[in-house]
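Enquirer: Before we start, here is the structure in question, set down as structure tokens.
Just so it is clear, none of the values below were taken in a lab; they were calculated from the coordinates. Keep in mind it's a predicted model, so treat the numbers as computed, not measured. We place every Cβ from the backbone using ideal geometry, glycine too, and count neighbours over all the protein chains shown.
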Amino acid sequence: MTPPSAPYRYEAQAWKTGVGRIAGVDEAGRGPLAGPVVAAAVVIAPDRRIKGLADSKLLLPGERETLFHLIRGHALAVGVGVVDHETIDRINILEATRQAMARALAQLAVMPELIITDFVNLPALPCPQKNLVAGDRRCASVAAASIVAKVTRDLIMVEADRQFPEYGFARHKGYATAEHLAALDRHGPCPIHRRTFAGVWRQGELFVLGEDD
């Protein structure tokens, strides 16, 4: 069943007041035990709305791929920011997420007049921001960012699977599935595991975390 599309409610409110460049911002990869956190920023023009945008976690992989290419082709601007596992361990996942979002915004080809995030508050922005609870389900631009971030990160983890095939990264993308934890028990952490995450340093205690970006 196709999930409900995220509405353009917040964008429409801003567009009516003359604010045209609205950047939706979201991340993928806060919860996994390995790999980077990836953020995306997407600006959609009022006259080029993309239909069918939804929270990336509610979409099937094929639906995400299709929308990813639509966003890339139709959005006014798209930016992506990646922060690696070593930085996550050094500054913590929340600060790494903020850093990835800042990098994504810096990659935009246009300067946003309003930034809407999936709840994360960003410091030192040059324009106003809205931080929406469940923003990827309530705001189309944030949903678009969630799709770009998720697909980009999944591709990174598929590539990591080629380098470290014994962990199954192509299947679970680094999340703490039973398969992943069992591989950690057998092989120990590989170079891209997050050493400060409990599922990595508590080897042998099998517990499974959900995919919660």
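Enquirer: Hey, in the GNM for the chain with a 10 angstrom Cα cutoff, which one of GLY29, GLY52, GLY81 fluctuates hardest?
Expert: Top of the fluctuation ranking is GLY52.
Enquirer: Under 13 Å Cα-Cα from LYS130, which aspartates and glutamates qualify once same-chain neighbours fewer than 8 residues away are excluded?
Expert: GLU11, ASP26, GLU113, ASP118
Enquirer: Still on this model: Cut-off 10 angstrom, C-alpha nodes, Gaussian network model of the chain. Which of THR196, THR152, THR97 fluctuates the most?
Expert: Of THR196, THR152, THR97, the most mobile in the Gaussian network model is THR196.
Enquirer: When the Cα centres of the stretch 62-89 and the stretch 1-37 are compared, how far apart do they sit, in Å?
Expert: 12
Enquirer: Sticking with this one: Can you check how the C-alpha radius of gyration of the chain compares to 2.2 N^0.38 Å, as a plain ratio?
Expert: Compared with the compact-globule rule of thumb, the chain sits at 1.03.
Enquirer: Could you calculate the contour length gain from LEU70 to GLU95, that is, 0.36 nm times the residue separation minus the distance between their Cα atoms, to one decimal place in nm?
Expert: Going from the current span to full extension adds 6.0 nm.
Enquirer: For the chain, what does the helix formula give at 222 nm: sum of -39500 (n - 2.57) over DSSP H segments with n ≥ 4, over the residue count, nearest 500 deg cm²/dmol?
Expert: -12000 deg cm²/dmol
Enquirer: For the stretch 36-90, which trypsin sites (Lys or Arg not before Pro) are in a loop by DSSP, counting at most 16 other Cβ atoms within 10 Å?
Expert: Sparse-neighbourhood loop trypsin sites (Lys or Arg not before Pro): ARG48, ARG49, LYS51.
Enquirer: Let me ask something additional. Would you mind calculating the gained length between VAL110 and CYS127 on full extension (0.36 nm times residue separation, minus the Cα-Cα distance), in nm to one decimal?
Expert: Computed gain between VAL110 and CYS127 is 4.8 nm.
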